[in-house]
1. Please compute the net charge surrounding Thr2, taking Lys and Arg as +1 and Asp and Glu as -1 over other residues with Cβ under 14 Å from its Cβ.
2. Taking K and R as +1 and D and E as -1, what net charge do the other residues with C-beta under 12 Å from the C-beta of Ala49 add up to?
3. Note the listed values (1) 15.2, 46; (2) 16.0, 51; (3) 19.5, 72, then indicate which one is Rg and Dmax of the Cα atoms in Å calculated from this particular structure.
4. Ignoring ligands, DNA and RNA, what percent of the accessible area of the chain is carbon or sulfur (1.4 Å)?
5. Who wins for biggest fluctuation among Gly96, Gly53, Gly140 in a Gaussian network model of the chain, springs between alpha carbons below 10 Å?
6. Under the definition of Cα pairs under 8 Å and six or more residues apart, what whole-number percent is the relative contact order of the chain?
7. Count the net charge of all other residues whose Cβ sits under 11 Å from the Cβ of Val88, scoring Lys and Arg as +1 and Asp and Glu as -1.
8. Which value in deg cm²/dmol, rounded to the nearest 500, describes the helix-derived mean residue ellipticity at 222 nm for the chain, given -39,500 (n - 2.57) per DSSP H run of n ≥ 4 and division by the residue count?
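The values are calculated or read from the model by the stated rules, or taken from the named source; none is laboratory data. Computed from a predicted model, the values in this text were never measured in an experiment. In this analysis, Cβ positions are derived from the backbone assuming ideal geometry, glycine residues included, and neighbour counts consider all displayed protein chains. Accessible surface areas use protein heavy atoms only, side chains included; no ligands, DNA or RNA. Shrake-Rupley method; radii C 1.70, N 1.55, O 1.52, S 1.80 Å.
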Amino acid sequence: MTLLAIRRYPDPALKTPCAPVTTFDEALAMQLDDLYQTMKAAPGVGITATHCGMFDRLVVLDLPELGGRRDFVNPEILQVSEETMAHVEGSVSMPGFTEEVTRPRRITLRYQTANGTTTEENFDGFAAICLQHEVDQLDGIFWIQRLSRLKRERLLKKWNRAAR
């Protein structure tokens, strides 16, 4: 397994939409393992291929409420609840910086497993929030775009100051 380099905000890769995965083979399994190891070393609870400059629709999460590690290939949100939930979010691409984001509390997700099996599943609470965050990243939407303009500007000011 290889630890991958994580792209830091504002790397253009983080704005790049990802292409669907079409080949389900050992190379895909190894890529998912590399993403998992990179996420754990970051540390983080979720990562996408985009965070590491790869443009495949891959998400890896490691959450107790999901029973640990879960791989999501070609995830697509089919439905969201009207009920929302606020939660503090951050990114492995912007370490040490967080802000509260409000998102739908429940989602229905269609995805494939590492072997290509298509599944639909409902998620609630923190798992739903994490999946929305990561699917946004696959679509080229960095999490701070979900903040109000004022919150985003304050956070970016701190980020830029810390980068000096």
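1. Counting the neighbours of Thr2, the net charge comes to -1.
2. On the way: positive: Arg7, Arg57; negative: Asp34, Asp56, Asp71, Glu134.
Taking every other residue near Ala49 into account, the sum is -2.
3. Recomputing Rg and Dmax of the Cα atoms in Å here picks out (1).
4. It is 49 percent, rounded to a whole number.
5. Gly96
6. Computed value for the chain: 23 percent relative contact order.
7. Working: positive: none; negative: Glu89, Glu99, Glu100.
So the environment of Val88 carries a net charge of -3.
8. -9000 deg cm²/dmol
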